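The values are calculated or read from the model by the stated rules, or taken from the named source; none is laboratory data. Small disclaimer: the values here were computed from a predicted structure and weren't measured. Cβ placement follows ideal geometry from the backbone for every residue including glycine, while neighbour counts extend to all protein chains displayed. SASA here: full protein model, heavy atoms, side chains in, ligands and nucleic acids out. Shrake-Rupley method; radii C 1.70, N 1.55, O 1.52, S 1.80 Å.
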2 protein chains.
Amino acid sequence: MRLLLVGFGTVGQGLAELLLEKKDVLARDYGLAPLVVGIADNLKGNAYDPGGINLRRALDAVAGGKSLNDLGGSRFEGDALAMINQAAADVMMEATYTDIRTAEPASSHVRAALERGMHVVTTNKGPLALHYRELKDRADQKGRRFLFEGTVMSGTPLLNLMRSTLAGSRIEEVKGILNGTTNYILTQMEGGLGYPEALAQAQELGYAEAVPDADVLGWDALAKVTILANTVFGAEMKPFDNPCQGITEISADNIAAAKAAGKRYKLIGRVWREGDAVRASVAPQQMDLTHPLAGVMGATNAVTITTDNLGDVTIVGPGAGRRATGYSMLIDLIHIGGLS
Amino acid sequence: MRLLLVGFGTVGQGLAELLLEKKDVLARDYGLAPLVVGIADNLKGNAYDPGGINLRRALDAVAGGKSLNDLGGSRFEGDALAMINQAAADVMMEATYTDIRTAEPASSHVRAALERGMHVVTTNKGPLALHYRELKDRADQKGRRFLFEGTVMSGTPLLNLMRSTLAGSRIEEVKGILNGTTNYILTQMEGGLGYPEALAQAQELGYAEAVPDADVLGWDALAKVTILANTVFGAEMKPFDNPCQGITEISADNIAAAKAAGKRYKLIGRVWREGDAVRASVAPQQMDLTHPLAGVMGATNAVTITTDNLGDVTIVGPGAGRRATGYSMLIDLIHIGGLS
């Protein structure tokens with residue numbers, strides 16, 4: 001199984017570490033012997049070697065601030081897309097940064113890889129939120145898998161849970177805490193901080209970016225909600241088709257009033273059916289303290305799935321992180337390899 | 001796919017209802033057309049028809065207090081074991097009542113079905129807690145599946161989650177609320193009731209039996225913990241190899257003191273690794289209110305799985321119920337049918 005790693009930032013490196021660490025387990029338990037033949041990163045350089053790239057050396061090079069260009073094998077001229085178009089590989093693992101307005105360059109990477117007959121695994125929310133139906137149809141036509149566990153809740157296996165483990169159930173509603181940064185801020189506000197102080201703390205810890213809009217205005221949660229609507233509910237919507245409200249209007253007084261009433265503010269992304277239509281939204285909600293989502297604190301994510309067979313099932317786990325998101329790609333790879 | 005339904009109580013009937021209701025979904029989404037050729041229940045009678053039994057009529061017969069013996073087809077003489085030994089079927093679905101001391105008659109049913117080349121699905125805790133290794137080895141020798149999602153957390157897909165959705169992870173620890181009855185009693189005690197009053201209420205609602213020992217002394221949780229140890233951690237233990245303490249010693253004062261300290265009593269079943277050994281226990285614990293298990297109230301179950309890849313992942317869902325446990329058998333059947 002020859003792999004192409006496109007994007008070698010935190011997630012791609014997390015995957016590379018897991019591939020090294022789990023080599024024996026993959027061979028013994030799943031009969032898999034993945035061989036990384038190419039790594040392409042528009043900042044860190046490119047390496048291609050049909051005989052296999054030494055992942056330890058690639059990780060060391062990047063940790064030492066060196067380019068991947070000099071990693072050995074023949075030097076690869078061209079960008080990631082060129083590598084996808086020329087490489088001989090079975091699976092492309094896409095982990096570039098999400099641009100939620102254009103979904104590029106990730107969507108072009110996915111199209112090219114499918115066109116060349118590769119399976120595709122991605123952690124990039126853009127292609128899923130904007131072009132899912134088109135890409136899934138392409139994958140089906142080519143008889144290839146298109147998996148994306150890491151796009152929602154990182155490695156916490158929400159999507160695999162709904163596809164495989166809840167098979168035979170009708171999913172009526174999915175709602176949850178899909179953005180760890182805002183959940184962290186709300187948790188700190190309940191502890192007594194004002195919004196500006198809580199945001200500053202989240203920025204110091206690296207949870208929030210200097211321009212925190214994508215998190216605090218709800219856009220990140222909105223992209224994930226859209227992915228759930230399109231991939232699980234069969235909708236064909238774009239993120240900004242849906243109402244979206246972030247946490248910037250919530251005051252310390254609001255938090256205190258909710259607390260006094262036995263409730264707690266959470267930024268809730270929600271997808272549900274209304275007759276034949278699928279609806280989606282992101283908005284702060286006052287959750288009753290007895291609801292499983294109310295107890296989810298800090299940067300953790302959680303989703304409650306309502307099905308016809310089981311009523312509510314809630315899954316709580318990490319929503320980000322190098323190892324967790326790297327793992328999301330590993331589990332997709334195992335499913336491509338075939339799992340009984 | 002010819003099925004034999006052994007045990008036609010609440011769970012078997014729940015499965016029959018789902019097979020009727022989900023007929024189209026099973027055919028369309030999974031290419032499955034299950035045909036029930038036999039139903040055997042030592043109280044409700046037996047029916048066998050190689051051409052297929054009308055499940056609606058079987059459910060109506062039982063609802064009307066009538067025997068299955070007169071359902072049509074040729075009258076079957078003999079008990080469930082005789083039917084397993086004579087029927088032509090592909091999968092045996094075992095849903096008889098659990099006897100945790102002897103694991104019978106369920107273990108004999110499972111052995112006979114595997115011997116005859118059937119796949120086996122069961123919701124019976126006995127064979128798993130007492131004879132897992134032997135039965136799994138038999139299934140492997142015969143090249144047949146042996147699945148038992150419903151034995152822990154009913155239809156909430158804990159076991160499938162660990163086998164399939166968390167594939168490639170090392171599971172370090174599993175701990176949780178595995179018995180809904182005791183969790184209901186503890187919830188009511190936190191609301192102000194004493195233990196005897198809370199127990200009486202649970203009995204009135206049908207959560208607890210007249211002789212409530214299996215629940216309140218922790219034995220039911222212990223059986224489930226043993227199943228997790230044997231099937232997920234590869235241990236070979238019997239339930240009473242492990243320390244087990246129920247909730248009967250917890251007083252209203254204990255509950256109040258925990259509450260004042262920001263904690264909450266939960267009956268926690270736990271399996272963990274200690275070097276190469278696997279340990280298991282059942283005991284009441286004071287959980288910090290910030291832990292996801294602390295917020296799980298009433299008859300709901302919940303388990304926190306600690307893995308090397310993801311840290312803690314918690315799943316919360318129903319732990320009992322006609323439809324939920326019937327569904328556990330349906331999901332196992334779908335996995336036997338093959339799910340990509």
* To do: Could you bin all the Cα-Cα distances of the protein assembly as shown into 10 Å bins starting at 0 and give me the percent of pairs in each, rounded to whole numbers?
  => 3, 15, 23, 25, 20, 10, 3, 1
* Structure fact -> Phi angles of region B:315-322, converted by Karplus (6.51 cos²θ - 1.76 cosθ + 1.60, θ = phi - 60°) into ³J(HN,Hα) in whole Hz with x for Gly and Pro, give 10, 10, x, x, x, 6, x, 4
* Structure fact -> Label points for B:Gly194 built 7 Å along Cα→Cβ; distances to same position in the other copies, nm, shortest first, come to 5.2
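Using a 10 Å Cβ count of at most 14 others and DSSP loop calls, identify the longest part of chain A lacking such GluC sites (Glu not before Pro).
Longest site-free region, per DSSP loop and neighbour criteria: A:78-208.
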* Cα to Cα, under 16 Å, and not fewer than 8 places away if on the same chain: which lysines meet these conditions relative to B:Lys142? -> none
* Structure fact -> HN-Hα couplings for region B:89-96 via Karplus (6.51, -1.76, 1.60; θ = phi - 60°), in whole Hz with x for Gly/Pro, come out as 8, 9, 9, 9, 9, 9, 9, 7
* Asked: Amide H to amide H under 5 Å from A:Asn301: which residues, 5+ apart in sequence or cross-chain, H placed 1.01 Å off N in plane?
  -> A:Gly317, A:Gly319
* Asked: Using the Karplus equation 6.51 cos²θ - 1.76 cosθ + 1.60 (θ = phi - 60°), what ³J(HN,Hα) coupling, rounded to whole Hz, does each residue of region B:191-199 give in order, writing x for Gly and Pro?
  -> x, x, 6, x, 4, x, 5, 5, 4
* Estimated 222 nm signal from helices in the protein assembly as shown, with DSSP H stretches of n ≥ 4 weighted -39500 (n - 2.57), rounded to 500 -> -11000 deg cm²/dmol
* Hey, what did chain A get for relative contact order, percent, Cα under 8 Å, at least 6 apart? -> 20
* Asked: Hey, which aspartates and glutamates would be in cross-link range of B:Lys136, C-alpha to C-alpha under 13 Å, not counting anything within fewer than 8 residues on its own chain?
  -> B:Glu115, B:Glu236
* To do: Could you quote the convex hull projected area for region B:91-152, Cα atoms only and averaged over all directions, in nm²?
  => 3.4
* Per 5 Å bin from zero, what fraction in whole % of the C-alpha pairs of region B:113-204 is there, up to the bin with the longest pair? -> 3, 12, 15, 16, 16, 12, 10, 8, 6, 3, 1
* What is the distance in Å between the Cα centres of region B:279-340 and region A:246-276? -> 26
* What are the residues whose amide H is under 5 Å from the amide H of B:Ala208, where those residues sit 5 or more places off or on another chain and H is modelled from the backbone? -> B:Gln203
* Write out the trypsin sites (Lys or Arg not before Pro) in region A:78-147 meeting two conditions: DSSP loop, and at most 15 other Cβ atoms within 10 Å of their Cβ. => A:Arg101
* Asked: Given H placed 1.01 Å from N in the peptide plane, which residues other than close sequence neighbours of B:Leu35 have an amide H under 5 Å from its amide H?
  -> B:Arg2, B:Leu3
* Would you kindly work out, in nm and rounded to one decimal, the distances from the label point of A:Asp90 to those of the same position in each other copy, ordered shortest first, with label points 7 Å along Cα-to-Cβ? => 2.8
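I'd like the FRET efficiency for A:Asp140 and B:Asp137, computed as 1/(1 + (r/R0)^6) with the beta carbon distance as r and R0 of 60 Å, rounded to 0.05.
Working: r = 39 Å, r/R0 = 0.66.
Given R0 = 60 Å and the Cβ-Cβ separation, E is 0.95.
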* Asked: Among residues other than A:Asp70 whose Cβ falls under 15 Å from its Cβ, what is the net charge (Lys/Arg +1, Asp/Glu -1)?
  -> 0
* Rank A:Leu161, A:Leu147, A:Val120 by how far each Cα sits towards the positive end of the charge dipole of region A:75-171 (+1 on Lys, Arg Cβ; -1 on Asp, Glu Cβ) and give me just the farthest. => A:Leu161
* **DSSP-defined antiparallel bridges as percent of all bridges, region B:1-70, nearest 5** => 45
* Can you pull the one-decimal nm distance between simple spin-label points at A:Asp70 and B:Leu289, each 7 Å off the Cα toward Cβ? => 5.8
* Excluding ligands and nucleic acids, what accessible area in Å² is computed for B:Leu205 using a 1.4 Å probe, to the nearest 10? -> 100
* Top positive-direction residue, dipole computed over chain A with Cβ charges, set A:Asn309, A:Ala210, A:Ala223 -> A:Asn309
* Across the residues of A:314-324, average count of Cβ atoms on other protein chains within 10 Å? -> 5
* Structure fact -> Taking the alpha-carbon centre of each part, the distance from region A:1-54 to region A:145-214 in Å is 27
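Tally Lys/Arg at +1 and Asp/Glu at -1 over every other residue whose Cβ is under 13 Å from the Cβ of A:Ser108; what's the total?
-3
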* Structure fact -> Measuring from its Cα centre, region A:189-340 shows a charge dipole (+1 at each Lys and Arg Cβ, -1 at each Asp and Glu Cβ) which, in debye to the nearest 20, is 300
* Cα pair distances in region A:14-53, grouped into 5 Å bins until the bin that holds the longest one, percent each -> 6, 21, 23, 25, 15, 7, 3, 0
* Using a 1.4 angstrom probe and counting only protein chains, how large is the accessible area of A:Met237 in Å², to 10? -> 20
* Would you mind checking A:Lys22/A:Lys266; A:Lys259/B:Lys259; B:Lys44/B:Lys125; A:Lys44/A:Lys266; A:Lys175/B:Lys22 for any pair whose Cα atoms are more than 28 angstrom apart? => A:Lys22/A:Lys266; A:Lys44/A:Lys266
* Asked: Semi-axes of region B:194-340's equivalent ellipsoid from the Cα gyration tensor, sqrt of 5 times each eigenvalue, largest first, rounded to whole Å?
  -> 27, 21, 17
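Just to check, using Stokes-Einstein with a Kirkwood Rh over alpha carbon pairs, what's the diffusion coefficient of chain A at 25 °C and 0.890 mPa s in µm²/s?
Approximately 118 µm²/s, per Stokes-Einstein.
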